[in-house]
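Have a look at the structure below, then the notes.
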Amino acid sequence: MSSEKICGFFNCSSIHHITSFNNYAPQKAYLTLKRQAELLCEEGVLVIRDFVKPDNEDIFIHFPNNKQGHFDAELLEQFARDARSLSTVEERGFPLKKIEENNEPSYQLSFPDAVEFIRRKDYLKDWKIELQEEYGYFNQEEFENVMASLGMRTIVSQPIYNAWIINNRYKGKFKLTNAQGEVISTPPTNYVIAAEKVINKGTLLKAARQLPVQNNSFLELHSYVHEETHAIFDLANRPGSVIDLLPYYIDKENIKIIAKHNYPRPIINTLSRILDNKRYSGYIIEGITGSTNKHITADHIKDILTERTGIKKDKVQQLSKELQFYTSPGGINECVVSYSIEISSTPQTLKSLGSFSGFKESGKIIEYDALQLLKSAQVGALPEARLELGLYRLLNKLNKPLGKWLNEEIQIQKTQELVVSNIDTITQVTKQPYKKSDRTAHFLVHKRAKFYEYQQEDSEAILEYIEPQHLSSNTIVTLPVFSFNNKIYLGIEKRELPVPQLKEGNSTILTAPAYRLPKEITNLYEMKRYISAKKMFNCKIESMQKLGEKYIPCAGASPEQVYPYVITLDSPSKELHWISMESLLNHSTKLRDGHLLICLFRLKHFVENHASMQ
């Protein structure tokens, strides 16, 4: 047998056929993946795009009292008799109990069986063939555990919600409820997990235990009070100034960038409620970062570049200051200053990061194609927001195409009336209303925990982080957008916050409207229902549309995950400042809210791609 190894496997809607035609045995899926993992080279990638089983609990399915509803109800009864038709007669079908309820055909059944039905109920042409198959063989946790057991480090594990299927085959066609009568969110249409083979390395980062916060802690919490409104803000501080470095070179028409690969960020795995169930192993791609207490000079930046990457100073051709922004200005007193660094050619030697992170292995510095990395961000495999921002800024500055928009299409509503604001006018007044306070808002909790690497001996690190005390670490950005006079306008909130005052002497900051969500919200369905019910700036929300995948703004200090949405209001609120997308892009170096910047660049990406297709 050849000793050659394979770089990757892509299993697209295939493994459920292996289990279905082998007596519906999930262990056949495991053995298939085990063999693929054995054939992979180190750092080879295994991808599965298939279906995922929900948790095994009893639920209720309700059909509307109309012709289609009654047809689907009869089809469910037939499916309950004939499902898994390749089995012996004794092993076909599943328990189904009919419930009399308000003239709506309703049934009690297991969640996995309900999902098997709704995923195939429209495949009437091939109904007999589809009866032979069982789509689900692992739930999400089982997929992740199998990968870890095979020495695979999960890059991303995520349910997929195909908008066309949901809108055309699910919405209005049935309703799922639990035993308490509460509506269950729409189950995913598909699922994807991507994992990388590692040898003698950890596969998952987890918290072992919580520890008491010490007096000489790395993070510090301070409070500031607004002298007029008496509003108090709690802020977390990390020592030193933060800089992001984006080394790059141009290879013909391609932009190649240098970044960290598999850097351990276990804090992102402390989040108790993951609304979209998209999960990571804790090893992520992120940019080159530095922290310094010195005045930042070009020589100092080159020193950090060499220290962190191994790129020699004489390779630097051009160094440019790019964006300056606050990662989470409502709770973290941190300003990131980013620099792009053009280097002359491919670096000959890039550093391994050793135990820099505190764990045995901290990943390494490697070369990426900028456009491919931006695609990773679009599908959720690059959740680190600062590197995505750096990529957008660099590609826009170099007038390079951003590639295809891979997320949902966004419908931008036209308006006949809109009061346009000038960005320079609304930011020209300097205010300094905050002073330090002995009182606290009781908003943040300072935590300290010991983390370990699964499947790696003696690899542990103690890290500090912050969380909201009464709210969750899930944030939603709701960016109001309208089209007016053939231009796109964004509804911007002008706020007064202590972070910009502390960093730049002026509390005024333009932000994308954002909200921390209550801890009681556990999924995307509940989040959308909660936000849609709110009056926003004295206006009603008419629609919400995803603006790409969620992102993590500050992986080293907080587990916060941010879900960006474009919203349509029933009218352009006069409480917001309506600024054209073009003007905001032209002034992007003056914008300080990280949430606004990432939403702005994503929206530009969609608009440009949409225009090129028309």
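The values are calculated or read from the model by the stated rules, or taken from the named source; none is laboratory data. This is a predicted model, so every value here is computed, not measured. So basically every Cβ, Gly included, is an ideal-geometry build from the backbone, and we count neighbours across all protein chains shown. For accessibility, only protein heavy atoms count, side chains too; no ligands or nucleic acids. Shrake-Rupley method; radii C 1.70, N 1.55, O 1.52, S 1.80 Å.
Close amide H pairs (under 5 Å, H built 1.01 Å from N) link GLU322 with SER338, TYR339, SER340, residues at least 5 positions away or on another chain. Annotation: lysines with alpha-carbon distance below 29 angstrom to LYS128 (same-chain offsets under eight excluded): LYS28, LYS53, LYS67, LYS97, LYS98, LYS171, LYS173, LYS175.
About the Cα centre of the stretch 1-133, what is the dipole size in debye to 20, counting +1 per Lys and Arg Cβ and -1 per Asp and Glu Cβ, all else neutral?
On the way: 17 positive and 23 negative charges, 78 e Å.
Its charge dipole is roughly 380 debye.
Here the peptides 150-156, 455-461, 226-232 are ranked by packing, the mean other Cβ count within 10 Å, and the order with the highest first is 150-156, 455-461, 226-232. With contacts taken as Cα pairs under 8 Å at a separation of at least 6 residues, the chain carries a relative contact order of 14 percent.
What order do you get for 87-95, 168-176 when each peptide is scored by the mean count of other beta carbon atoms within 10 Å, highest first?
Values: 87-95: 11.6, 168-176: 16.0.
Going by the mean number of other Cβ atoms within 10 Å, highest first, we get 168-176, 87-95.
Annotation for the stretch 217-291 versus the stretch 405-422: alpha-carbon center distance of 29 Å. Per-residue Karplus couplings for the stretch 456-471, computed as 6.51 cos²θ - 1.76 cosθ + 1.60 with θ equal to phi - 60°, are listed in order as 9, 6, 6, 10, 9, 8, 9, 10, 10, 7, 10, 9, x, 7, 10, 9 Hz, Gly and Pro entered as x.
Partners of LYS360 within straight-line reach, counting aspartates and glutamates whose Cα lies under 17 Å from its Cα and excluding those fewer than 8 residues away in the same chain: GLU453, GLU457, ASP458, GLU460.
If each DSSP helix of 4+ residues adds -39,500 (n - 2.57) and the sum is divided by the residues in the chain, what number results at 222 nm, nearest 500 deg cm²/dmol? Let's see the in-between values first.
Details: 14 runs with 141 residues, N = 614.
Roughly -7000 deg cm²/dmol at 222 nm, from the helical runs in the chain.
Taking the alpha carbon gyration tensor of the stretch 1-199, multiplying each eigenvalue by 5 and rooting it gives semi-axes of 35, 18, 14 Å, largest first.
For the chain, the fraction of 1.4 Å probe accessible surface lying on carbon and sulfur atoms is 47 percent. Residue by residue, the stretch 223-230 carries 3J(HN,Hα) couplings of 10, 9, 10, 7, 5, 9, 8, 6 Hz when phi is fed to the Karplus relation 6.51 cos²θ - 1.76 cosθ + 1.60 (θ = phi - 60°); x denotes Gly or Pro. Under the membrane-span-like helix rule (DSSP H runs whose alpha carbons stretch at least 20 Å along the helix axis, mean Kyte-Doolittle hydropathy -0.5 or higher), the chain yields 594-613.
Using a 1.4 angstrom probe, figure out how much accessible area the chain has per residue, in square angstrom, rounded to the nearest whole.
On the way: 28060 Å² over 614 residues.
Accessible area per residue: 46 Å².
Across the stretch 456-540, the convex hull enclosing all Cα atoms gives 229 Å³ per residue.
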